[in-house]
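Heads up: the structure comes next, in structure tokens.
Nothing in this text is a laboratory measurement; each read-out follows from the coordinates by a stated rule. Computed from a prediction, not measured in an experiment: that's the story for all the values here. Here the Cβ positions follow ideal geometry from the backbone for every residue, glycine too, while neighbour counts run over all protein chains shown.
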Amino acid sequence: MLRVAIAEDDFRVADIHEKFLQKISKVKLVGKVQNGRETIKLVKSRQIDLILLDIYMPDMMGTELIDKIKKYNPSVGIIMISAANEKPIIEATIQQGVFDYIIKPVKIERFIAAIERFKNAKSQLEESQVIEQTFLDQYFGYVDSKQKLGQKETPKGIDPLTLEKVKMIINKCNKGMTAEEIGERMGASRTTARRYLEYLISIEEGKAELEYGDVGRPERKYYLYKN
């Protein structure tokens, strides 16, 4: 479960972001605060994985808050959500290590994509003892020369980080897995899991076979081709 806090001085905007969070699985809102002082108090008193932070707070700038937040919770992730689009401000937040920056007004698709990307990255980091270069490339937005020359990218609805997570889940299992089993492990619905699994089949990285269980009902199980 991803524990998220909202630090936003406009309660109407905070309510909108809360409604967006409710559309994402395995996410729990642990608090909403409206100024810097309340933000620090919340960070000190609660376990938080991710903070959605505004720049313009009543008592201090969000850029000032980042270092204070990290002092009490060094591992917390921060996604800036602000109307501020001035270059110095955005440069400062990037240098302070924010995970993402979204300019208001926020589109729900962009919001959900940012949370899902953070959730998937956090999950992979926690589950892996050794980090693969492909994960780091995706995390830092690296595009190699083949991609620049037109290598096929993942289609709409297929997030590269989530795709890698699905592959990692299957690789850890020595037998085939159903879409429902994979969905449970990745924290998503069976429909979402099946979309990624069918995509792997379409690019010839996986296959599906019908297998009969104890009650005789066939199950569609997915496998990855071994390299």
Tell me, which longest segment in the chain has none of the chymotrypsin sites (Phe, Trp or Tyr not before Pro) that fall in DSSP loops with at most 14 further Cβ atoms within 10 Å? 1-139
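Rounded to the nearest 5, what % of the DSSP beta bridges within the chain are antiparallel ones?
35
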Length gained, Asp10-Ile94, 0.36 nm per residue minus C-alpha separation, equals 27.9 nm
State, in angstrom, two size descriptors of the stretch 1-86 derived from its alpha carbons: Rg to one decimal place and Dmax to the nearest whole number. 11.9, 34
Note: Ile102 to Lys175 extended length (0.36 nm per residue) minus current alpha-carbon separation gives 22.2 nm
How much FRET efficiency would the formula 1/(1 + (r/R0)^6) give for Ile201 and Glu132, where r is the Cβ-Cβ distance and R0 is 25 Å, rounded to 0.05? 0.65
Cα convex hull of the chain - mean projected area over all directions, nm²: 14.9
Filter the trypsin sites (Lys or Arg not before Pro) in the stretch 57-113 down to the DSSP loop ones having no more than 12 other Cβ atoms within 10 Å, then list what survives. Lys107
Of the listed links Lys119/Lys207; Lys32/Lys70; Lys19/Lys122; Lys28/Lys226, those spanning more than 25 angstrom between alpha carbons are Lys119/Lys207; Lys28/Lys226
Fewest to most Cβ atoms within 10 Å: Val43, Val130 sort as Val130, Val43
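Nearest 5 percent is fine: what portion of the DSSP beta bridges confined to the stretch 2-127 is antiparallel?
5
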